[in-house]
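The block underneath contains the structure these notes are about, expressed in structure tokens.
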Amino acid sequence: MDNILWIIDIDGTILNVHKNQIPAWCEALKRAYSIIPDEQTLVKYFGKPFKSVLKNVVTHYGISDQEFKTHYQLALKSYTHAVTSYLDKNGGDYLPGAVGFLKELKRLGIRKAIATGNPQEEGEHKLKYFDILKYFDITVYCEDRDERIEMVEEAIHRAESQYNLDLKTNPKKVIIIGDSIHDVESAKQIGGTSIALTTGTTTKESLANLNPDFLYDSLADYDLIIKEVLNSLK
């Protein structure tokens, strides 16, 4: 389908890898900043790019901006090594309906982009491990970005330049799906269509308070979800 782009989050939307991420974050924060964080503090910032999550967490624990910058590369290296190792050891799960959802979008010929807060090393390892990279036309990792909107804008730019999509005439045809408030907010910032899922660490109430265009408990009924969303664009 022409001039439609789905921008899809990975963790908590397509995959459940929570059991790997929490210990990896704890290892990285302990090694780089001598912090032993609690899970509640960590997940409060999930959905943002890696750098932003790290900055928010260390600030919460009283680390100065200078110390954050000094040990940033150590934290990044420690995290990516730990999270890929935990994935290889413990595995993870596809969330309900996720693979069927990706297959159906591919069958329909709809362009799909990843916008993930994962560092590239983590993201690539994860997508290859679960064999889902083949479903995507564009992949945008966090790199050194601070906010999710920056990744969304990069995905749109690539879709326009690589596939000649006209996404400015009708921005509602940029469909952003994810499990965090940051996914919904980024969709609103560009005038796109927002789909919130309650499959991550954000409560349904918190997501509903943002008034996303669509709110679902999971992708289990992906045929209906895709049909409802595409019909709303007509």
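Where the only charges are on Cβ atoms (+1 Lys, Arg; -1 Asp, Glu), what is the dipole of the chain about its Cα centre, to the nearest 20 debye?
Dipole of the chain, to the nearest 20 debye: 240 debye.
Can you put Y86, Y33 in order of Cβ neighbours within 10 angstrom, beginning with the fewest?
In increasing order of surrounding Cβ atoms, one gets Y86, Y33.
Quick one: plug the Kirkwood hydrodynamic radius of region 18-90 (C-alpha pairs) into Stokes-Einstein at 20 °C, 1.002 mPa s, and report D in µm²/s.
In µm²/s, the coefficient rounds to 178.
Which net charge results for the neighbourhood of T202, defined as the other residues with beta-carbon distances under 10 angstrom from its beta-carbon, given Lys and Arg at +1 and Asp and Glu at -1?
Value of the local net charge: -1.
What does the charge dipole of region 18-90 about its Cα centre add up to, to the nearest 20 debye, if the Cβ of each Lys and Arg holds +1 and the Cβ of each Asp and Glu holds -1?
The dipole of region 18-90 has a size of about 160 debye.
Pull up the DSSP beta bridges for the chain and report the antiparallel fraction as a percent, rounded to 5.
DSSP beta bridges in the chain are roughly 10 percent antiparallel.
Report the one residue of Q73, L207, Y163 whose Cα lies farthest in the direction of the positive end of the charge dipole of the chain (charges on C-beta: Lys and Arg +1, Asp and Glu -1; origin at the Cα centre).
About the Cα centre, the residue reaching furthest to the positive side is Y163.
Kirkwood hydrodynamic radius (Cα pairs, Å) of region 152-234?
After inverting the pairwise mean of 1/r, the radius is 13.3 Å.
Net charge near N20: determine it from the other residues with C-beta under 12 Å of the C-beta of N20, scoring Lys and Arg +1 and Asp and Glu -1. It would help to have the intermediate numbers written out before the result.
Details: positive: K19, K89, K126; negative: D11, E27, D88, D93, E122.
For residues surrounding N20, the net value is -2.
In straight Cα distance, which aspartates and glutamates are under 17 Å from K128, not counting same-chain residues fewer than 8 positions off?
Here the aspartates and glutamates satisfying the reach criterion relative to K128 are D9, D11, D88, D93, D137.
Which pairs break 31 Å Cα to Cα here: K69/K172; K44/K234; K55/K234; K126/K172; K55/K188? Don't jump to the answer; show the numbers that get you there.
Working: K69/K172 38 Å; K44/K234 36 Å; K55/K234 42 Å; K126/K172 29 Å; K55/K188 24 Å.
Over 31 Å apart, Cα to Cα: K69/K172; K44/K234; K55/K234.
Mind sorting L5, L230 by how few other Cβ atoms lie within 10 Å of their own Cβ, fewest first? Please list the in-between numbers first.
Details: L5 27, L230 16.
Least to most surrounded, the residues fall as L230, L5.
Excluding residues on the same chain fewer than 8 positions from K89, give the aspartates and glutamates whose Cα lies under 16 Å from its Cα.
Straight-distance partners of K89: E27, E122.
Identify which of K19, K106, K89 has the largest mean-square fluctuation in a Gaussian network model of the chain, with springs joining Cα atoms closer than 10 Å.
Result: K89 has the largest fluctuation of those listed.
What is the helix-to-structure angle for 72-90, meaning the angle in degrees between its Cα long axis and the longest Cα principal axis of the chain, kept from 0 to 90 and rounded to the nearest 10?
In the chain, helix 72-90 runs at an angle near 70 degrees to the longest axis.
Based on C-alpha coordinates, I'd like the Rg and Dmax of region 186-234, in Å.
That works out to 11.1, 32 Å for Rg and Dmax.
Against the longest alpha carbon principal axis of the chain, how many degrees, from 0 to 90 and to the nearest 10, is the axis of helix 181-190 turned?
50 degrees
How large is log10 I(q)/I(0) at q = 0.09, 0.17, 0.18 Å⁻¹ when the Debye formula is applied to the Cα atoms of the chain, each weighted equally and without solvent?
Result of the Debye calculation: -0.36, -1.24, -1.37.
We did not get these values from a lab; they are worked out from the coordinates using the rules stated. Note that the coordinates shown come from a computational prediction; the quantities given were computed from them, not determined experimentally. A quick note on method: Cβ atoms are made from the backbone with ideal geometry, for glycine too, and the neighbour counts reach across all protein chains shown.
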